[in-house]
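The values are calculated or read from the model by the stated rules, or taken from the named source; none is laboratory data. Computed from a prediction, not measured in an experiment: that's the story for all the values here. With ideal geometry, Cβ positions are generated from the backbone for all residues, glycine too; neighbour counts draw on all protein chains shown.
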Amino acid sequence: MEHLINPQVKDIQISGIRKISNLVSTIPGALTLTIGQPDFPTPRHIIEAGQRALDQNKTVYTQNPGLLELREAVSHFVKVKYGQTYSAADEIIVTAGASQAVDITLRTILTPGAEVILPAPIYPGYEPLIRLAGGVPVYVDTRENGLKLTAELLAPYLSDKTRCVILCYPSNPTGQVLSKQELSDLANLLDGRELFVLSDEIYSELVYGETHQSISTIGKMREKTIVINGLSKSHAMTGWRIGFTLAPANITEHMVKVHQYNVTCASSVSQYAALEALTAGIDDALPMRKEYEARRDYVYDRLLAMGFELEKPEGAFYLFPSIAKFGLSSQEFTMRLLQEEHVAVVPGDAFTSYGEGFIRISYAYSQEVLEESLNRVERFISKL
Ligand SMILES: Cc1ncc(COP(=O)(O)O)c(C=O)c1O
């Protein structure tokens, strides 16, 4: 029966991040800097809110777009943190993680053959969803441009077929952010064009310089932008599966139909925990951010001292150094580092072929793990 499986699904490859994680589990004593989730536990008061919801039998369906109180908390959170104004009543959907938010967005806006422009290297979670929705990914190589999408780089790729531009800043895998000026230049280019912007802001609470800026707050961009965010990274809640979308009512109205027939609603228990996170826990990310920033500085300084070339990341919890000077492909570098020194990092080509020549290092790990792993990386490159 396999020949009857949808070829679009058959063609989906398992992610390069998963491949390396699977391999690590076969090597005893291997250290890994591969993971994309916080190493902090979910704050205790949020866990207790989830437990209370269970004890009080809050275990039934909620409204399709999520509990109204939670949408009100989301609305308040994004207003006070980032100046985004979205109505709880009809412009916010609570989803099963940011992943589902991306999926319902793409399935709402894409038609067969519609092009989606993405700056690359980029998080590998978008392409399969674009293809399943019938769209065509079009990558813009940002490697020669400090790993950032600019208006100048983007302009030649825009055409009548462009339905959506994806922005993922702070970026997974590069940690880069766009300044207000860079976002304004993009907004000037995109203003007046018949397309959507999907702005994935899942790392918005983990920005180390100025506060997070969103293209949705610039000029008239709000009317064509769908913002994706969630609690996985900000509140160390990856397993609770809570994300959300922010979009004008005339777009949300359609997205909510896809959401309804896809999952009905996000988990009720997780929604009560999320309500606690976005009210009493509105600033829970701050101590974690402080710790990540100290680690970012430590790892960045060590890599520079070893002779790696890299852009200083301003957000998320990743560094993306170039390994081009060592004369190995990112696969060869990663495999040899794992086999010879028992340290796992993610090969850059896991983030599209435009990530070739780089590796991704996550610093969502304790100082001890980072220190020992970097000692091993140092030993490894000294032998190359
Ligand atoms: C850029 C980006 N978007 C979305 C996601 C998915 O987030 P969630 O776990 O909330 O589905 C991730 C997870 O790593 C990510 O890095």
query = Taking the stretch 38-47 as the search range and keeping residues that are under 19 Å from Leu278 (Cα atoms) and in contact (Cβ under 8 Å) with a residue 12 or more places away in the chain, which one is surrounded by the fewest Cβ atoms within 10 Å (Cβ to Cβ)?
reply = Pro41
ask   = Tally time: how many residues in the stretch 115-134 are in a helix (DSSP H, G or I), more than 15 Å from the ligand (Cβ to nearest atom) and aliphatic (A, V, I, L, M)?
value = 1
task = Go over the candidates Ala98, Ala53 one by one and state the one that is farther than 30 Å from Gly135 by Cα and either part of a helix (DSSP H, G or I) or more than 22 Å from the chain's Cα centre (by Cα) (or both).
result = Ala53
inquiry  = If I ask for residues that are more than 11 Å from the ligand (Cβ to nearest atom), assigned to a helix (DSSP H, G or I) and in contact with a strand residue (DSSP E or B) (Cβ under 8 Å, 6 or more places away or on another chain), which ones from the stretch 101-114 would you list?
reply    = Ile104, Thr105, Leu106, Ile109
inquiry  = Give me the residue from the stretch 64-89 that is buried (at least 16 other Cβ atoms within 10 Å of the Cβ) and assigned to a loop (DSSP other than H, G, I, E, B) and, out of that set, nearest to the ligand (Cβ to nearest atom).
reply    = Gly66
message = Please verify whether Gly16 is closer than 30 Å to Arg131 by Cα, within 20 Å of the chain's Cα centre (by Cα) and modelled with pLDDT of 95 or more, treating the condition exactly as stated.
response = no
key: Residue check, Thr174 crowded, with 17+ Cβ neighbours inside 10 Å, touching a residue at least 12 places away in the same chain (Cβ under 8 Å), over 25 Å from Arg18 (Cβ atoms) and not assigned by TED's automatic domain parsing to the domain that holds Gln37   = no
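Yes or no, residue by residue, for (1) in the same structural domain as Ser87 (by TED's automatic domain parsing); (2) near the ligand (Cβ under 10 Å from one of its atoms); (3) crowded, with 23+ Cβ neighbours inside 10 Å:
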residue: Tyr208; (1), (2), (3): yes, no, no
residue: Gln213; (1), (2), (3): yes, no, no
residue: Val227; (1), (2), (3): yes, no, yes
residue: Lys233; (1), (2), (3): yes, yes, yes
residue: Ala236; (1), (2), (3): yes, no, no
residue: Arg241; (1), (2), (3): yes, yes, no
message = Take the residues in the stretch 1-23 that are in a loop (DSSP other than H, G, I, E, B) and in contact (Cβ under 8 Å) with a residue 24 or more places away in the chain; name whichever of them is farthest from the ligand (Cβ to nearest atom).
response = Asp11
request  = For Tyr61, work out the one condition from (1) within 16 Å of the ligand (Cβ to nearest atom); (2) assigned to a loop (DSSP other than H, G, I, E, B) it doesn't fulfil.
outcome  = (1)
ask   = When only residues in the stretch 24-40 that are away from the ligand (no atom under 16 Å from the Cβ) and assigned to a loop (DSSP other than H, G, I, E, B) count, which is nearest to Ala98 (Cα to Cα)?
value = Ser25
ask   = Out of the stretch 152-182, which residues are within 16 Å of the ligand (Cβ to nearest atom) and of a type in the set (A, V, I, L, M)?
value = Val165, Ile166, Leu167, Val177, Leu178
